[in-house]
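Novice: Just dropping this structure here.
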Amino acid sequence: MANIKQLNPESSPQAAFGARIRRYREERGWSQDVLAPKIGYSSQHISAVETVRKPPTLRFSRKSDQAFGTTGTADSFEREWAEMRNGSMLEGFPEYVGYEGRAVELRIYNLGLIPGLLQTPDYARAVAYGDVERGSITYEQADERVARLEQRQAALVRPQPPMMFVVMDESCLHQAVGGPEIMNAQLRRLEEMAARPNWIIQVAPFSLGERRAFFLPVNLLTMADRSIVAYAESQAQGYVERETSLVAPMFTAYHQMQCRARRCRRRRLWPRSASCERAPREDRIPPLVQVLVQRKRR
């Protein structure tokens, strides 16, 4: 009997889709060669979808529904594809979260927004509801996203917590998310976290210019066995990389950026956004926005 790759439907929505295609096919006693002409795809393509080497498409989903008799039903593959496409989590992210909860060191780089693991619930909710207003997700999915984030944050609180290294692009500090009150609380959270012995929080200033190591968010994990994992996102998908030869250069680039970034200190060097300056004095983001950023001595 041929070697059949074992699937874990829980690892990601795409894995669940592929596992269900295989289950429906095997329940009917069909091989991939038998299913191929029924949906107009090669057996190799079907195998790639089942084993998460290729993402399913709308056409593939509709053809599968026709072959399995699930068109228009609650179990339709087209519906599953739409939920996967418009869901509250990017493809690849559930797999990453599994690694994150076991990592002994996390290195995070983010731009535009405060990194999720440092966000307050109100800040996270404001970001998620922004996606609702743009029509990207529903309110229910937004609340699910915030709940998952709180679970991820809670997973870091353990007897031997992981060492956390965070570099935020300066743009994170200029985004006034949710209004002055929410930003106030968020900045206090940054101050509290920066005071913890297992957190190192830095800011990569705009002046880094072309020396900035990354132009997209990236998370780098070190596991207990010293293996390394990288996670990065595009607009539509998340990518987990475990190949050492590909991940190691990212660690080098991150370390170089850390050397050029500013360490969080109690100094008033925080940029004020225009929206905050227009707010009543008592509602402005306070100088604890000082919290961050002491220029590194050269």
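The values are calculated or read from the model by the stated rules, or taken from the named source; none is laboratory data. A quick note: this is a predicted structure, and the numbers were derived from the prediction, not measured. Glycine also receives a Cβ, built like all others from the backbone with ideal geometry; neighbour counts cover every protein chain displayed.
Novice: When region 112-124 is examined, which residues are found to be out of contact with any Lys or Arg (no Cβ under 9 Å at 6 or more places or on another chain) and more than 13 Å from Met164 (Cβ to Cβ)?
Specialist: Step one: filter region 112-124 for residues out of contact with any Lys or Arg (no Cβ under 9 Å at 6 or more places or on another chain), giving 112-113, 115, 121-122.
Result: Gly112, Leu113, Pro121, Asp122.
Novice: Among the residues of region 223-255, write down those that are farther than 19 Å from Met164 by Cβ and either free of Cβ contacts under 8 Å to residues at least 12 places away in the same chain or more than 18 Å from the chain's Cα centre (by Cα) (or both).
Specialist: Within region 223-255, Asp225, Gln235, Glu243, Thr244, Ser245, Leu246, Ala248, Pro249, Thr252 meet the criteria.
Novice: Right, something else. Name the pairs: first residue in region 32-58 and in a helix (DSSP H, G or I), second residue of a type in the set (Lys, Arg) and surrounded by fewer than 18 Cβ atoms within 10 Å (Cβ to Cβ), Cβ to Cβ under 6 Å, at least 6 apart or on different chains?
Specialist: So the pair list comes out as Ala48/Lys54.
Novice: Tell me the residue from Leu90, Leu113, Leu58, Leu106 that is modelled with pLDDT under 90 and closer than 28 Å to Met193 by Cα, please. Please lay out each step first, then the result.
Specialist: Values: Leu113 fails: modelled with pLDDT under 90; Leu58 fails: closer than 28 Å to Met193 by Cα; Leu106 fails: modelled with pLDDT under 90.
Of Leu90, Leu113, Leu58, Leu106, the one residue that is modelled with pLDDT under 90 and closer than 28 Å to Met193 by Cα is Leu90.
Novice: Based on what the data block shows, is Arg28 at pLDDT 95 or above, farther than 30 Å from Gln258 by Cβ and surrounded by fewer than 14 Cβ atoms within 10 Å (Cβ to Cβ)? Even if it seems obvious, please write down each step before you answer.
Specialist: On the way: at pLDDT 95 or above: yes; farther than 30 Å from Gln258 by Cβ: yes; surrounded by fewer than 14 Cβ atoms within 10 Å (Cβ to Cβ): yes.
It is true that Arg28 is at pLDDT 95 or above, farther than 30 Å from Gln258 by Cβ and surrounded by fewer than 14 Cβ atoms within 10 Å (Cβ to Cβ).
Novice: Also, I was wondering about something else. Return a yes/no flag: does region 139-148 have any residue that is outside any loop (DSSP other than H, G, I, E, B), in contact with a strand residue (DSSP E or B) (Cβ under 7 Å, 6 or more places away or on another chain) and small (Gly, Ala, Ser).
Specialist: no
Novice: Take region 227-240 and flag every residue that is in contact with a helix residue (DSSP H, G or I) (Cβ under 6 Å, 6 or more places away or on another chain) and more than 18 Å from Asn110 (Cα to Cα).
Specialist: Ile228 - this is the single residue of region 227-240 that is in contact with a helix residue (DSSP H, G or I) (Cβ under 6 Å, 6 or more places away or on another chain) and more than 18 Å from Asn110 (Cα to Cα).
Novice: If you don't mind, another one. Residues in region 135-149 that are under 10 Å from Ala124 (Cα atoms) and of a type in the set (Ser, Thr, Tyr): how many? Please lay out each step first, then the result.
Specialist: Kept after step one, since they are under 10 Å from Ala124 (Cα atoms), are these residues of region 135-149: 142-143, 145-147, 149.
Imposing the further condition that a residue be of a type in the set (Ser, Thr, Tyr) reduces the set to none.
Adding up the residues that qualify gives 0.
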